[in-house]
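Report on the following structure.
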Amino acid sequence: MKQFLYASDIGSISEALAEAKAVKATPFAWKHLGADRTIMLVFFNSSLRTRLSSQKAALNLGMNPIVLNIGQDSWKLETGLGVVMDSDKSEHLLEAIPVMGSYCDIIGVRSFASLTDREADYAETVLNQFIRYSGRPVISLESATVHPCQAFADLLTIEEHRTKARPKVVLSWAPHPRALPQAVPDSFAEWMLAADVELVITQPEGYELDPRFTSGARIEYDQMKALEGADFVYAKNWSCPGVTRPSDYGRILCDDRSWTIDAAHMAVTDNAFFMHCLPVRRNVIVTDEVIDSPRSLVIPEAANRVVSAQVVMKRMLETL
Ligand code: AN0
Ligand code: CP
């Protein structure tokens, strides 16, 4: 595997889930694969889970992880092409990427959406430069439009907890005081559709996600109606994807706290599990009562991030 951005990069979803279960059962069984190999984990943005689970997954495979925080440990990097570099950015990605590539066998990159330039974000400009210039397999650790390690872990968590062949999974927008990317809901929708669950997406008007990720999902603007009979409730905030009005891209259009997932929302489901990728703002996205309930999966979901990362790294090591 040379890149990991999309569900299609992993091939058969059922084979990927079977492999995830095997990796989870015996995490150290492939320790020989990573011997004398190095993975570089490059962070342009903050992280708790992705940073730690990627390091743990690499260690489980016998690999050496190197973590670089851009702008804190390194020079500030210019990402724009053709710019006159007289700002505070000392080095261009065009040099930094092949240099980093020369020190490792695999690269993982976290580079959030700008939320100002829709075209550049949706073209995955930064991540594609890593793919083009590093000469190494590249893993998106949440790039502008996708968070595949998260979506794969979410799917594994649903697979482990489902009691129906085709569970009803509701992706619900929820309020948040800051403008957040669309990467998590984009990938979640993409992976749920690839896995063939019954996916319903609910959001206020104007928050329609890009159809390249959601095509085939049912969209229901009435949140309570969407949640009826749900088996899994996946809450997430995202800023305006700019699908209907490009000028609104990255903006907050709604702060309606009636969208916060509380006990009344969960009451109309079929005793659904609650999921969120974390970090989560309590009593804004979800009430304490719901996230602290026995139906909350947020901790096992985060724990599965080691498993999804390990399957991806394992596949890359096998094809180096
Ligand atoms: C990020 C986001 O919404 O994309 C990371 C989530 C994994 N969240 C925040 O910045 C709070
Ligand atoms: N869910 C997730 O990716 O968390 P971090 O931003 O802490 O890595």
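Remarks
- Residue count for region 283-307, restricted to those that are within 19 Å of residue 237 (Cα to Cα) and within 13 Å of ligand 1 (Cβ to nearest atom): 5
- Of the residues examined, residue 31 is not one that is among the charged types (D, E, K, R), under 18 Å from residue 108 (Cβ atoms), in contact (Cβ under 8 Å) with a residue 12 or more places away in the chain and surrounded by fewer than 16 Cβ atoms within 10 Å (Cβ to Cβ).
- Checked against (1) farther than 25 Å from residue 3 by Cβ; (2) away from ligand 2 (no atom under 16 Å from the Cβ); (3) out of contact with any Ser or Thr (no Cβ under 6 Å at 6 or more places or on another chain), residue 237 meets all criteria but (2).
- At least 2 residues being more than 18 Å from the chain's Cα centre (by Cα) is the threshold, and among the strands (runs of 3 or more DSSP E) wholly inside region 21-139 those reaching it are 38-43, 64-69.
- Residue pairs whose Cβ atoms lie under 6 Å apart, separated by 6 or more positions or on different chains, with the first residue in region 268-279 and within 16 Å of ligand 1 (Cβ to nearest atom) and the second part of a loop (DSSP other than H, G, I, E, B), are 275/297.
- Residue among 150, 129 that alone is within 15 Å of ligand 2 (Cβ to nearest atom) and modelled with pLDDT of 95 or more: 150
- Elements of type helices (runs of 4 or more DSSP H) contained in region 199-310, each with 1 or more residues being basic (Lys, Arg) and over 22 Å from residue 178 (Cα atoms): 211-214, 223-227
- Picking from residues in region 126-148 that are β-branched (Val, Ile, Thr) and under 19 Å from residue 314 (Cα atoms), the one that is farthest from ligand 1 (Cβ to nearest atom) is 131.
- Single match in 151, 123, 113, 183 (criterion: more than 16 Å from ligand 1 (Cβ to nearest atom), within 17 Å of residue 210 (Cα to Cα) and aliphatic (A, V, I, L, M)): 123
- Residues located in region 122-143, provided they are under 19 Å from residue 46 (Cβ atoms) and open to solvent by 10 Å² or more (accessible area, probe 1.4 Å): 126, 142
The values are calculated or read from the model by the stated rules, or taken from the named source; none is laboratory data. Remember, predicted model here, so these are calculated numbers, not experimental data. Methodologically, a virtual Cβ is constructed for each residue, glycine included, from the backbone with ideal geometry; neighbour enumeration extends over all protein chains shown. All accessible areas refer to the heavy atoms of the entire protein, side chains included, with ligands and DNA or RNA removed. Shrake-Rupley method; radii C 1.70, N 1.55, O 1.52, S 1.80 Å.
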